[in-house]
Amino acid sequence: MDEVRFEALGTACHLLGVGLERGRLAWATAWVASRHERFSRFEPASELARFNASPGDWVKVSPELEGLLRASLEAYRLSGGLVHAGVLGSMLAIGYTRPLRLGPTPPALAGAVPPPPLPEMLEVAGGRARLRPGSGIDLGGVAKGWLADALAARMGDNCLVNLGGDLFARGPGPDGDGWPVAMGEVTLLLRDQGAATSGVRRRAWRQDGEPLHHLIDPRTGRPAVTDLAKVSVVAATGAAAEVHAKAALLLGSERAPVHLTAHALAWWLA
Amino acid sequence: MRSLMVRAAATLMTLGVAVAAAVHVSGHVKDSPAPLRPGVVGGGQVAATISGGRLSLSPSVRSGRVQSVTSTYES
């Protein structure tokens, strides 16, 4: 089994494979790095930043950005509006204006308000997309799972792509029983399945005594208040796992099991 | 002649009933997204409480006593 670890997408990435073509891991590492450059809102020249800078106009978008924007709309639909890529205004208002390794900036919480429904903010047609004026997109809630699925489909027949804990396991794994992946206190054997974890303890800080974190509840426009610390989910794809983990976290411990029973293959609530 | 008329009437009646049934059925289409009854989604699910967390596994996901190669985690 071959593997490589590196930092990209603002997080730790881990790629593994069995019987990969020579040089495939290096190619995959470069693939992830290039997606960071193209889809990070913190990179001024990124395709996403340019799209956010052109509200009101139909903008030509690459097939991958189109795929991510469509995935954002699908995530909104699947989660009943809880996973909302249009919360960029709230992100900026709470001070998450740059990578958190540089520290948050002073918040302006009056600007943290519930966004309109995503389908009213974002339109996607073949090869182009349009953003409502005053809106902005943050792909942080959907991109890692979606990219893990996309890379696993290209990397090899027996591989695992883990982008900051959001992952897709393809093929039979190192011993033929599936890829052994730790989730909570157990090890699961995943084969052609995705997994993701969402929580509110990382990317969190305090401002004037008020706890703030990156997971925005679109119902309030503010950082989510939930009685769950984290939720891990296994689903058919990494993208679906990421969406349902976030939705369950926002729903809280009482309602999360109902949602997950309908949408997930396995889950861990803590 | 009379038997021919009886046969024609029977045929017309059969066709009429078939058309009426088709109209009735197409006007009462089952809602395809409606959930199955009785519910089957949670069937075979394994649930447990471990170290303060709650775990649920459907039959399509297996746990194993092997060393994990990676993990899903909050980032």
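Please treat every number below as a calculation from the coordinates, not as lab data. Bear in mind that the values here come from a model prediction, so they are computed numbers and not experimental data. All Cβ positions, even for glycine, are placed from backbone atoms using ideal geometry, and neighbour counts span all protein chains on display.
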Spatially proximal aspartates and glutamates relative to A:LYS144 (Cα-Cα < 18 Å; intrachain offsets below 8 disregarded)
A:GLU7, A:GLU37, A:GLU43, A:GLU47, A:GLU64, A:GLU66, A:GLU74, A:ASP166, A:ASP192, A:GLU242, B:GLU74
Nearest 10 degrees is fine. How inclined is helix A:238-263 to the longest principal axis of chain A, computing both from alpha carbons?
70 degrees
The protein assembly as shown: D in µm²/s via Stokes-Einstein (Kirkwood Rh, Cα pairs, 4 °C, 1.567 mPa s)?
59 µm²/s
Inter-chain shielding of A:231-243 (mean C-beta neighbours from other protein chains, 10 Å cut-off):
2
Going through segment A:138-230, which trypsin sites (Lys or Arg not before Pro) have at most 13 other Cβ atoms within 10 Å and a DSSP loop state?
A:ARG201, A:ARG219
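Apply the Kirkwood formula to segment A:7-58: the hydrodynamic radius equals the inverse of the mean of 1/r over all pairs of different alpha-carbon atoms; give it in Å with one decimal.
On the way: mean 1/r = 0.0785 Å⁻¹.
Here the Kirkwood hydrodynamic radius works out to 12.7 Å.
Mind checking the mean number of beta-carbon atoms from other chains within 10 Å of the Cβ atoms in A:173-183? Can you show the working numbers first?
On the way: counts 2, 2, 2, 0, 3, 4, 3, 9, 6, 7, 9.
The per-residue average across the peptide is 4.
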With every atom except the alpha carbons ignored, what do you get for Rg and Dmax of segment A:190-270, in angstroms?
13.0, 46
Computed on Cα atoms only, the convex hull of segment A:67-119 has an orientation-averaged projected area in nm² of 4.2 nm²
Would you mind checking the tilt of helix A:143-155 against the longest principal axis of the Cα atoms of chain A, expressed as 0 to 90 degrees and rounded to 10?
30 degrees
Label-point gap, in nm, between A:ASP177 and A:ALA262 - each point 7 angstrom along Cα→Cβ:
3.5 nm
Taking R0 as 30 Å, what's the FRET efficiency between B:SER68 and A:VAL113 from their Cβ-Cβ distance, rounded to 0.05?
0.10
Taking R0 as 22 Å, what's the FRET efficiency between A:PHE42 and A:GLU74 from their Cβ-Cβ distance, rounded to 0.05?
0.35
Taking the Cα-to-Cβ direction at A:ASP208 and at A:GLU64 and moving 7 Å from each Cα, how far apart do the two end points lie in nm?
4.1 nm
Can you give the mean number of other chain Cβ atoms that lie within 10 Å of the Cβ atoms in peptide B:16-23?
0
